[in-house]
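Input: a single structure, listed below in structure tokens.
The values are calculated or read from the model by the stated rules, or taken from the named source; none is laboratory data. Quantities reported herein were computed from a predicted structural model and do not represent experimental measurements. Cβ atoms come from the backbone with ideal geometry, glycine included; neighbour counts cover every protein chain shown.
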Amino acid sequence: MGGRSYSMTLYNTSVMLMLRTQWGRQHCMWPARMVTRRHGQRDTAQILLLRGAKYLPDKNGITPLDLCVQGGYGETCEILIQYHPRLFQTIIQMTQNEDLRENMLRQVLEHLSQQSESQYLKILTSLAEVATTNGHKLLSLSSNYDAQMKSLLRIVRIFCHVFRIGPSSPSNGIDMGYNGNKTPRSQVFKVRKVYDVVMKIDVKEMNLTKHAFINQKPHTQDPLELLWHSLDEWLVLIATELMKNKKDSTDITSILLKQKGQDQDGTSIPPFQPPGPGSYENLSTGTRESKPDAPGGKQEASADCQDVISMTANRLSAVIQAFYMCCSCQMPPGMTSPRFIEFVCKHDEVLKCFVNRNPKIIFDHFHFLLECPELMSRFMHIIKAQPFKDRCEWFYEHLHSGQPDSDMVHRPVNESDILLVHRDSIFRSSCEVVSKANCAKLKQGIAVRFHGEEGMGQGVVREWFDILSNEIVNPDYALFTQSADGTTFQPNSNSYVNPDHLNYFRFAGQILGLALNHRQLVNIYFTRSFYKHILGIPVNYQDVASIDPEYAKNLQWILDNDISDLGLELTFSVETDVFGAMEEVPLKPGGESILVTQNNKAEYVQLVTELRMTRAIQPQINAFLQGFHMFIPPSLIQLFDEFELELLLSGMPEIDVNDWIKNTEYTSGYEREDPVIQWFWEVVEDITPEERVLLLQFVTGSSRVPHGGFANIMGGSGLQNFTIAAVPYTPNLLPTSSTCINMLKLPEYPSKEILKDRLLVALHCGSYGYTMA
């Protein structure tokens, strides 16, 4: 055997032996020896290459570069590239290999990018070009959607990671891809010549993409802009078709039918890109049939079976996600790219059309909604219309994204991470240990041990949450007061009698946030207004009934009646308890001299409500939310309404429908034997337990039945049975309710089907005060 081949064999063996040795070492040795092993492997490789070792795969086809990338050995990869420059592009192409661990690739590219500014720019430019090619493949009907989508997003994630760790990270809020910031990193989006990028994509694609460069200067063209340009054109074209309000988008479908016959090979896929007006005939078409999808992929329906939006929405949405990721990596944390906001506003109608036709797109690709309140508000009505279960899954998926998989029972627990609490002073000792604990570790898992006891595990954690939920509302701490019905709790406006009350409110928020984070139910129920405070939803006068039913009835009377000639002499100020003394408090500046009239009475009622329900307990609310948001981001919790939040925190109560029927009264013309009433109770039997709870909440304001059953439901003036009142029917009329008197105002629907449809719309849309769908 020749010396050169022999040396290479030694090198291959050396790399493999070192990798095997590394993984075989005891865990405790890793931190101390990691750097030494990395340098030793690099030095060994350099010596062997200096002696003329050949770069050859082993008998299984595995190359030294494969081994180094699999182990994340950037230093050794650097040496290999020095001797074999072609391996640089091999590493770039590896970003498309799903069998390689993404974090190892990131580690290698991170090391390589730190060697020089030119190397850093070269890596980013190459990744941008590969992403562009993959994006155009995704926008081709002949490509496998699942595989191509995953490949594009994987490459873009790696691109963004390398971009962020560059020598001049963005910190000034400037969107470099948007306004032409001339920092060195802005050069990563540039190409030397137009045709360099076109040739990288492929000769077959040149005719389809070169028109994107018309009127563009070669030295300022971003390779990714080819993809964004294609995306923009498709969305504009779809918007045009939507405006025409045609059932059959003939022009677009003809393009898709042509492209469906395109060939799919490893390097060349004609981009799924709309040509300019009048040039459809220039679209190149292949002659071979498209290959079937790879195993495990989803074969999409042919163009003649679905309309254009159904065929393109998922593909375009994945590219939109990639576009958002690229825009975001150029911005400081917490800031949304102005370019992306402008993009969403421009294509608002098309994106909403995508979501309405396939709401799952929200959960799959429109992650940007969670990070940008301005954008979330545009889609919130669509998001909240999705099934509660789907939103729960989305909530926990994003709540735990970026965290390592963990289980609080099976994962190793360091002694320092255990929450050691005293059972006889559980509230105070828990407050102390939680305030000192590492927030990130608490998100991953909780381990609790009671002082002097050996038990640990899920059972102990559940007991801890159960006891604490009772202690939080313990009157000895003066944090919460009972509502009028005695079953829910509201922050105590006089909690200042406890000098530590704000620290305790913060702790209460932490406990409820932790419980929600770890799907632990708490044995506590709050007023509807307090759930609204957690969600950032404004309160209304109906919420006053939970703390003062008589006062709520007075506010309702003011709204329902003409007060012009009654001589009430109300002003925009009220007398209220301020630190134990009654004081006149203005509802707005100069309120003492502003009379309440028929024209401004609605404003008066709202301001009184805010004073009683919000301003009086604002410090307590702020402290609670400070603790709650340590574990639950505001952007995620707003996916739910106040009723759903109660279900998330406290679980699903059991409802006895027979007891409900037995203790229901009928008025305004209804009787138990009427067909509408018979249909109503049949619908109640048919709907899900969750929807029964929503119905109970809709009418009574509470999701729970008091002890003793429906016979003990409280109203504004004491015991008040569930009541169903008749309302004349008009098309599309929804049921409404008066929670102060537990009354459901049920229109006289002509059929059971219409009754069920209208009732469910009212329940899921929270139609308080609404009369039309």
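Some notes on this structure:
- For region 461-481, the condition of being surrounded by fewer than 22 Cβ atoms within 10 Å (Cβ to Cβ), outside any helix (DSSP H, G or I) and acidic (Asp, Glu) holds for none of the residues.
- If the condition is being of a type in the set (Phe, Trp, Tyr) and more than 16 Å from Thr609 (Cβ to Cβ), then region 548-595 contributes only Phe579.
- Criterion (over 25 Å from His381 (Cα atoms) and modelled with pLDDT of 85 or more) met by exactly one of Gly627, Gly580: Gly627
- Restricted to region 432-460, and to residues there that are among the hydrophobic types (A, V, I, L, M, F, W, C) and farther than 20 Å from Arg519 by Cα, the residue that is surrounded by the fewest Cβ atoms within 10 Å (Cβ to Cβ) is Val433.
- Selection from region 589-620 of residues that are more than 26 Å from Thr527 (Cα to Cα) and of a type outside the set (A, V, I, L, M): Pro589, Gly590, Gly591, Glu592, Ser593, Thr597, Gln598, Asn599, Asn600
- Unique residue being touching a residue at least 12 places away in the same chain (Cβ under 8 Å), assigned by TED's automatic domain parsing to the domain that holds Asp146 and closer than 21 Å to Ala147 by Cα when the list is Thr76, Thr95: Thr95
- Lys204 vs. criteria touching a helix residue (DSSP H, G or I) at 6+ places or on another chain (Cβ under 7 Å), in a helix (DSSP H, G or I), surrounded by fewer than 21 Cβ atoms within 10 Å (Cβ to Cβ) and at pLDDT below 90: no
- Counted residues, region 531-549 - those being at pLDDT below 85 and surrounded by fewer than 18 Cβ atoms within 10 Å (Cβ to Cβ): 1
- Neighbours by Cβ (under 8 Å, 6+ apart or cross-chain): first from region 483-499, in contact (Cβ under 8 Å) with a residue 12 or more places away in the chain and under 15 Å from Ile524 (Cα atoms); second small (Gly, Ala, Ser) and not in a loop (DSSP other than H, G, I, E, B): Ser483/Ser546; Asp485/Ser546; Thr488/Ser546; Gln490/Ser529; Gln490/Ser546
- Unique match (being assigned to a helix (DSSP H, G or I), at pLDDT 90 or above and over 27 Å from the mean Cα position of the chain (by Cα)) among Ser151, Ser126: Ser126
- Given (1) part of a loop (DSSP other than H, G, I, E, B); (2) more than 19 Å from the chain's Cα centre (by Cα), number of the condition Pro333 does not satisfy: (2)
- Scope region 512-530; condition buried (at least 22 other Cβ atoms within 10 Å of the Cβ) and part of a helix (DSSP H, G or I); matching residues: Leu512, Gly513, Leu514, Ala515, Leu516, Arg528, Ser529, Phe530
- Any hit, region 406-415, residues being at pLDDT 80 or above and out of contact with any Asp or Glu (no Cβ under 9 Å at 6 or more places or on another chain): no
- In region 88-102, the residues that are buried (at least 16 other Cβ atoms within 10 Å of the Cβ) and under 31 Å from the mean Cα position of the chain (by Cα): Ile92, Met94, Thr95, Gln96, Leu100
- Members of region 336-358 found to be part of a loop (DSSP other than H, G, I, E, B) and either among the hydroxyl-bearing types (Ser, Thr, Tyr) or under 18 Å from the mean Cα position of the chain (by Cα) (or both), listed by number: Thr336, Ser337, Asn358
- Complete set of residues in region 414-431 that are surrounded by fewer than 17 Cβ atoms within 10 Å (Cβ to Cβ) and outside any helix (DSSP H, G or I): Asn414, Ile418, Leu420, His422
- Positions within region 573-615 being touching a Pro at 6+ places or on another chain (Cβ under 9 Å), under 26 Å from Ser483 (Cα atoms) and either free of Cβ contacts under 8 Å to residues at least 60 places away in the same chain or small (Gly, Ala, Ser) (or both), in sequence order: Ser573, Val574
- Number of positions in region 483-504 that are surrounded by fewer than 16 Cβ atoms within 10 Å (Cβ to Cβ) and outside any loop (DSSP other than H, G, I, E, B): 3
- Failed condition for Arg704, given (1) part of a helix (DSSP H, G or I); (2) among the charged types (D, E, K, R); (3) modelled with pLDDT under 85: (1)
- The residues in region 577-609 that are buried (at least 16 other Cβ atoms within 10 Å of the Cβ) and closer than 27 Å to Val497 by Cα can be counted, and the count is 6.
- Residue in region 622-634 that is in contact with a His (Cβ under 7 Å, 6 or more places away or on another chain), of a type outside the set (Ser, Thr, Tyr), in contact (Cβ under 8 Å) with a residue 24 or more places away in the chain and under 17 Å from Leu535 (Cβ atoms) present: no
- Residue in region 361-373 that is modelled with pLDDT under 80, closer than 25 Å to Leu694 by Cα and either more than 15 Å from the chain's Cα centre (by Cα) or not assigned by TED's automatic domain parsing to the domain that holds Asn474 (or both) present: yes
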